[in-house]
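Okay, structure first, notes after.
Nothing in this text is a laboratory measurement; each read-out follows from the coordinates by a stated rule. Just so we're clear, the structure is a prediction, and the values are computed from it rather than from any experiment. Note that we place each Cβ from the backbone using ideal geometry, even for glycine, and neighbour counts take in every protein chain shown.
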Amino acid sequence: MLFYLHKYLRKPSRARKQEESRPPEMLSPSRNHAGEFAAAATVCCGSPCLRDATEQLNSENRLAVKGATSARAAGRSNFVKLSTFSLLPNPHFTNHESIPPILEAFSNFAAVFPQYGETQRADVIRDGEYSHLADHVCLDYSGVNLFSHAQMNAPAATSTAFSSTWRPPFFSISYKSTSLKSEVAHGEQNRGFEFSIRNRIMSFLKITGEDYGMVCTTNRTAAFRLLGETYPFQSNNKLLTVYDYESEAVTAMAESAENRGAKVMSSCFSWPGMRIQSAQLRKMLATKKKKRGLFVFPHMSRMTGVRYPYLWLKFARENGWHVALDACTLGPKDMDTLGIALLQPDFIICSFFKVFGENPLGFAGLFIKKSSLEVLQTSVLARSIGIVSIIPAGSLSDLTGEEVDDTTSSFSGPIPVSSREKYYFDNPVTAPEEEGEETEEQEEEEEEEELSSEIVEVRSQSTGDTQEEIVFSGLDHADSLGLVIIHNRLRCITNWLVIALMKLRHPHSKNESSLVRIYGPRVKFDRGPALAFNLFDWKGEKINPALVQKLADRGSISLSCGFLQKIMFSEEYEQVKEAVLERRECEIRASGNKKRENRNLGITVVNASFGFLANFEDAYRLWAFVAKFLDADFVEKERWKYVSLNQKMIEL
């Protein structure tokens, strides 16, 4: 770092302050390394010849970096200009019947985004393997699916790649009581069904078994809670998160951490772009206090689509924090852009579901860096939170001779209390009211229990033919498309939808006010494939997001709702603060507690998230649905339509 130290010392005070406020993403890695090499060469050798050569090399590097940066900037600028001015010929639309038909809209779309034509392979996969998506637009979640719809619904007679053991739904989950340390230590000894699934997932995510161990949990919330219950917050007493929306999983972790003495902190986000307030986050990460803690960092906001630079992870590690990467918002192949070997997060959390576009049944994975495993503490409470085994479907009934329900939990849903523990333990561990120090005798009993559970688990997994290879068509399809095609496809679709939504205007309002308000980035080259937005009627009053979601579902479009929070307003936007923020009603009012009251201050929004199989028609159908709200009587018409069809009233 000699080069940057030298630059920093030579800067005047104002420039130095500007440098301090810059986020890590502003520092180019290539420029950084070139400067370090040149500075090191100059310091080590003082000969004129070497100095001349070093200066020439440094100059060439600067020109190369500057040229590459200019080319990238020009490309991104052209992308935004073409998108904004060429996509739709009309300056705005004031009636849902005035929007162009889908073929005309697609023709303009394809002309502005010729790179979308290079992604036709995704359409072939979608038509052949995910035919159910033609009837339903799934925009309420995105992520990594293991199998395809055709694969899961193939007749047994034609499933030549599978024996009777591997017939759909291919796997179930079974609850177990064990510690994280034991699960990582003993999980690698398994060579059965779950081991093959873990290996395929880790290979897909570019995570090596030499560096990380994988623990399967019921859902994302369970993985976060496990980490919150086992991280040593007594000694490293800070939890710092980066979420611009309320997350059930993060809330569960924060509650566990607070109960164990942690100081919970969060980054704030600037209105209206919802970007991280870099100076504030840098200050919290670079605290001079010796006690650091756990820094939880998502790849992007799954609500607003804002992408966050991975270099925040590196900056946190350099300042003594343990880091957890929330990869649940990762699209397929996004891990290819993350240099795991370079950043080395201590923990990674990711979700997996069986099939995209259906009820997202599946499980979550907590990846623990093996060199960081000893940091975690033993917790009796954590043993009952939600660690699971992945077993062939029907194996539990084979093992016990009884019929067992094979249902599993959704990622963000509550963690059910399952009776399956009885099949593994005569006396399942229950969580005590207070966690105390364990004696050596208790620890020995736990180790014996863990060993016995591993033996029973291996026996249950051996009921199937472990020699047969499991085909993960969902992962195979993502691998065949690759990162560039997936990103280009979603970039074009998402930016087109942003522009299309912003062109919807009320016809009889003052200044033809917009129907849609988007929170976060608008048209942007590197925005994520997620939108947070709200609809407003011709009077300027907000339409209830839950109502929008319900009416969309009636039109076979699945959307979700969320709550944006931690929003900071500069002096420029201070006058709109009261009009934008709303106070959420809670069952228990936190009167007198300013910190808790602020948690209930934010914006309830509608969210649309695009998966890697999304196409232009999905975006167009959402646009056409939203355009119906330009009709001032649309909601009332829908209410009476439902009554006439169902012969009963329903509260919308």
Subset of region 251-265 that is small (Gly, Ala, Ser) and crowded, with 20+ Cβ neighbours inside 10 Å - its residue that is farthest from the chain's Cα centre (by Cα):
Ala262
For residues in region 530-542 being in contact (Cβ under 8 Å) with a residue 60 or more places away in the chain and under 16 Å from Cys561 (Cα atoms), which is surrounded by the fewest Cβ atoms within 10 Å (Cβ to Cβ)?
Asn534
